[in-house]
1. Enumerate lysine pairs in the range 19-164 that are 8 or more residues apart or on different chains, then count those whose Cα atoms are under 18 Å apart.
2. Excluding ligands, DNA and RNA, what is the solvent-accessible area per residue of the range 86-190 at a probe of 1.4 Å, expressed in Å²?
3. For residue 182, what accessible area in Å² do you get when you roll a 1.4 Å probe over the heavy atoms of the protein chains, rounding to the nearest 10?
4. I'd like the accessible area for residue 22, computed on protein heavy atoms only with a 1.4 Å probe and all protein chains in place. Round to 10 Å², please.
5. Dipole of the range 146-190 (Lys/Arg Cβ +1, Asp/Glu Cβ -1, origin at the Cα centre): which of 167, 190, 156 lies farthest to the positive side?
6. Can you spot the aspartates and glutamates whose alpha carbon is less than 13 Å from residue 14's alpha carbon? Ignore those fewer than 8 places along the same chain.
7. What residues from the range 21-65 fall in the zone where the backbone N is under 19 Å from a label point 7 Å along the Cα-to-C-beta line of residue 131?
8. Between beta-carbons, use under 9 Å as the cut-off and find the net charge around residue 59, counting Lys and Arg +1, Asp and Glu -1.
Amino acid sequence: MINLILFGPPGSGKGTQAAKLVEKYSLIHISTGDLFRFEMSNNTPLGQQAKAYMAKGELVPDSVTIGMLRNKVEAHPEARGFIFDGFPRTIPQAEALDALLLEKKTTVSGLIALNVSDEEIVQRIKLRGKTSGRPDDNDEDIIRNRITVYKNETSPVYDYYARNGKSHTVNGTGSLLAIFRRLCKIINGF
Ligand code: ADP
């Protein structure tokens, strides 16, 4: 089983690359951001809980996020593995993921961070905002807040998995195919 954490700041290309990787490796793609947006578009209680946090570029509380992630993993008992995109974003989320996978008698295979500079991220997200319709992509202050939250709350997750030698970094700039190849090279070593 391959359980990949696709890591990196907002706008680093995780969703784009995940879409290509799921095909190649027959994995299930779980994007917590997409899940929250789906819940919001259906105006569910979960969506209502997430909305205010997402609008400000803050993290949705761990209790809400972890429960949602667990449900999604448990909905796929047949899975050959998962790509976690946008999760874990805090140390408690990483600990919860490890515990969940242990219950399933599996483990995180590795984490790969896409490395992209802050300025490039801001430009990419603003461009994406023109078509994504996401309010959090259309306000520079919110974009910058998401980058700050990433540095303060999320980047420690890289160090958490680095302790077991599981963290990797690839250059997240260049053509989509070049980045894809960099990712595959690491995944093939899992
Ligand atoms: P991006 O990677 O561009 O920030 P995402 O779709 O991954 O976009 O996330 C959008 C928003 O959804 C985040 O800013 C946050 O509010 C919320 N979110 C997504 N994943 C998590 C998570 N694991 N924990 C807490 N909040 C999350």
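The values are calculated or read from the model by the stated rules, or taken from the named source; none is laboratory data. Just so we're clear, the structure is a prediction, and the values are computed from it rather than from any experiment. With ideal geometry, Cβ positions are generated from the backbone for all residues, glycine too; neighbour counts draw on all protein chains shown. Please note that ligands, DNA and RNA were not included when accessible areas were found on the heavy atoms of the full protein model with its side chains. Shrake-Rupley method; radii C 1.70, N 1.55, O 1.52, S 1.80 Å.
1. Values: 56/126; 56/151; 72/104; 72/105.
For the range 19-164, qualifying lysine pairs total 4.
2. Numbers: 5550 Å² over 105 residues.
Solvent-accessible surface per residue comes out at 53 Å².
3. 80 Å²
4. 30 Å²
5. It is 190, whose Cα lies furthest towards the positive end.
6. 34, 85
7. Only 21, 34 pass the distance filter.
8. On the way: positive: 89; negative: 58, 62, 153.
Around residue 59, the charge tally is -2.
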